[in-house]
Amino acid sequence: MWVSEVLTPRWEHIDFKAGAMLVQQVVVNGRIGKVKTEASNDYIPLDPGFAQILLNWRGNKSTGLDFPSHVTGGCFCAGRIQQQVLKPAGEMIGHPGIGWDVFRNTYRSILDETGAPIGVQQKLMRHSNVAATVNVYGNASLGAKQKANSKVVQMVIPKSKPQPELQAMAV
């Protein structure tokens, strides 16, 4: 989900029995509106473990925002969260300037590593065009590139027993 969508889910848009949530609204400049594309207006699957966490969080509420601001009762401000939480956290771990896009980029990279077909990735990312999924989001992780490269090398070079110092790299 884009951050503008993460801040606006409503309890009535979650079907816990079906394990899905309908994404159909965003918040921009404090105003809730419709998602920008038809592909974005779609159901996303809910992992059963995550659904249970949401059910526990929900308590006895059945309508309204899932995560309302404790100050206003409306949506949180994405820019304020980025400045007060994400950027300081990124600086602490050596990644200054971290932003919301890192979550979608990482999600796409992990989907790739799971072996999810590109069509499934496109639908999970809710892109109208597969080119956005392939060209814009995500980059293969170093581990995934090493694994793919090793498969090619092993096809060309006969296997030999790895040296102990190289065995640690393979893990």
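The values are calculated or read from the model by the stated rules, or taken from the named source; none is laboratory data. Every value quoted in this text rests on a predicted model; they were computed, and no experiment measured them. When we count neighbours, we look across all protein chains shown, and the Cβ atoms used for this are built from the backbone with ideal geometry, even at glycine. To get the accessible areas, we keep the full protein, side chains included, count just its heavy atoms, and leave off ligands, DNA and RNA. Shrake-Rupley method; radii C 1.70, N 1.55, O 1.52, S 1.80 Å.
What to note about this one:
- Any hit, the range 46-53, residues being open to solvent by less than 90 Å² (accessible area, probe 1.4 Å) and closer than 15 Å to Glu12 by Cα: yes
- A single entry from Pro88, Pro68 fulfils the requirement of being on the phi < 0 side of the Ramachandran plot, in a loop (DSSP other than H, G, I, E, B) and free of Cβ contacts under 8 Å to residues at least 40 places away in the same chain: Pro68.
- Applying the criterion of being assigned to a helix (DSSP H, G or I) and of a type outside the set (Asp, Glu) to the residues of the range 1-14, the residue that is nearest to Gly59 (Cα to Cα) is Trp11.
- Of the numbered criteria (1) assigned to a loop (DSSP other than H, G, I, E, B); (2) open to solvent by less than 70 Å² (accessible area, probe 1.4 Å); (3) of a type in the set (S, T, N, Q), the one Asn139 fails is (2).
- Among the residues of the range 15-42, those identified as charged (D, E, K, R) and in a loop (DSSP other than H, G, I, E, B) are Lys17, Lys36, Glu38.
- The residues in the range 54-67 that are within 24 Å of Ala78 (Cβ to Cβ) and either open to solvent by 100 Å² or more (accessible area, probe 1.4 Å) or aromatic (Phe, Trp, Tyr) (or both) can be counted, and the count is 2.
- Residue satisfying all of: in the range 111-120; free of Cβ contacts under 8 Å to residues at least 12 places away in the same chain and in a helix (DSSP H, G or I); nearest to Lys147 (Cα to Cα) among these: Thr114
- The set of residues from the range 13-32 being closer than 19 Å to Phe76 by Cβ, surrounded by fewer than 18 Cβ atoms within 10 Å (Cβ to Cβ) and out of contact with any strand residue (DSSP E or B) (no Cβ under 6 Å at 6 or more places or on another chain) comprises Gln24, Val28, Asn29, Gly30, Arg31.
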